[in-house]
Amino acid sequence: MSLEAPVVRGVELADDRTPRPVTASETVYEGLIWDVRRDTVDLGSGTVRRDFVEHTGAVAIVAVRDTPGVEGASQVALIRQYRHPIGATEWEIPAGLLDKEGEPPLAAAQRELAEEVDLTARTWNVLADFHPSPGAMSEAIRVYLARDLAEVAEADRHTREAEEAEMTAAWVDLDEAFAAVLAGRIGNATAVIGILAARGAKEAGWVTLRDPDAPWPAHPAHR
């Protein structure tokens, strides 16, 4: 990048979500959860072929409560889960796929919060939207902030299976989670973004939060 590159000031920074024309498309691999698609894309200056994972999208939740007995401090609900592709047990925030047909993102987030950490929340806001790997997959993730929490009744709790069966949960001071992200001790992308965004939103007095049903232009099914 040249030091003479343009300096952008005084404009609203926003991604341009106008797709380029696709001149050919085929599914080259059908997987257990996701497929791989090969598109030929017209960039105007020429065409390129790209393979990428077709992804349903996902939601994640930063569940925050006041630290008991410490005024002005907050804690965040984190889980530990084994992830085979990277061979690591990660600290994460509750999250799940948008794989139930017709289920709105907010409803999916509410369901995942209850299923993964046995919590409900009265107050919901959109905290952040992002693409974890836009050069390799179409996945869009929406991160919600959940507050005013309560526990799911014992009789109504979800039975966790497979990898989720050994999942554990803990309350972590938000400042400690923030420090762990900066130190590289937490590497899960969704957790990193959620923790940083929550810390920033709290410092701003929560005025940056969006409505829980705010438009989601990054996800084609929920714009």
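Every number here is computed from the coordinates shown, using simple stated rules; none is lab data. Computed from a prediction, not measured in an experiment: that's the story for all the values here. Cβ atoms come from the backbone with ideal geometry, glycine included; neighbour counts cover every protein chain shown.
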Nearest 10 degrees, 0 to 90: helix 105-117 Cα axis against the chain principal axis: 50
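Can you tell me which of 23-32, 62-71 comes out highest on packing, and rank the rest after it, using the mean Cβ neighbours within 10 Å?
62-71, 23-32
When ranked by the protection proxy of mean other Cβ atoms within 10 Å per residue, highest first, what sequence do the peptides 9-19, 117-127 form?
Working: 9-19: 6.2, 117-127: 18.3.
Per-residue mean Cβ counts within 10 Å order the peptides as 117-127, 9-19.
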Tell me which of Ala153, Thr120, Ala214 sits at the most positive position along the dipole axis of the chain, charges placed on C-beta atoms (Lys, Arg +1; Asp, Glu -1). Ala214
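With N set to the residue count of the stretch 1-44, report its C-alpha Rg divided by 2.2 N^0.38 Å to two decimal places.
On the way: Rg = 17.7 Å, N = 44, 2.2 N^0.38 = 9.3 Å.
Compared with the compact-globule rule of thumb, the stretch 1-44 sits at 1.91.
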Answer in debye to the nearest 20: the dipole magnitude of the chain about its Cα centre, from +1 Lys/Arg and -1 Asp/Glu charges placed on Cβ, is 600
Return the long-range amide H neighbours of Leu98 (sequence gap of 5 or more, or a different chain), with a cut-off of under 5 Å between placed amide H atoms. Gly57, Ala58, Val59
Sorted by mean Cβ packing within 10 Å, highest first, what order do the peptides 38-47, 189-198 take? 189-198, 38-47
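Under a Cβ-Cβ cut-off of 11 Å, what is the net charge of the residues other than His158 that fall near it, where Lys and Arg count +1 and Asp and Glu count -1?
On the way: positive: Arg111, Arg157, Arg160; negative: Glu112, Glu115, Glu116, Asp118, Asp156, Glu161, Glu164.
Local charge sum for His158: -4.
Given 25 °C and 0.890 mPa s, compute D for the chain with the Stokes-Einstein relation, Rh being the Kirkwood radius over Cα pairs; round to the nearest whole µm²/s.
Values: Rh = 19.4 Å.
So the translational diffusion coefficient is about 126 µm²/s.
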Let me check against my output: what whole-number percent is the relative contact order of the chain, with C-alpha pairs under 8 Å and at least 6 apart? 20
Taking every other residue with Cβ under 13 Å from the Cβ of Thr27 and scoring Lys and Arg +1, Asp and Glu -1, one gets -4
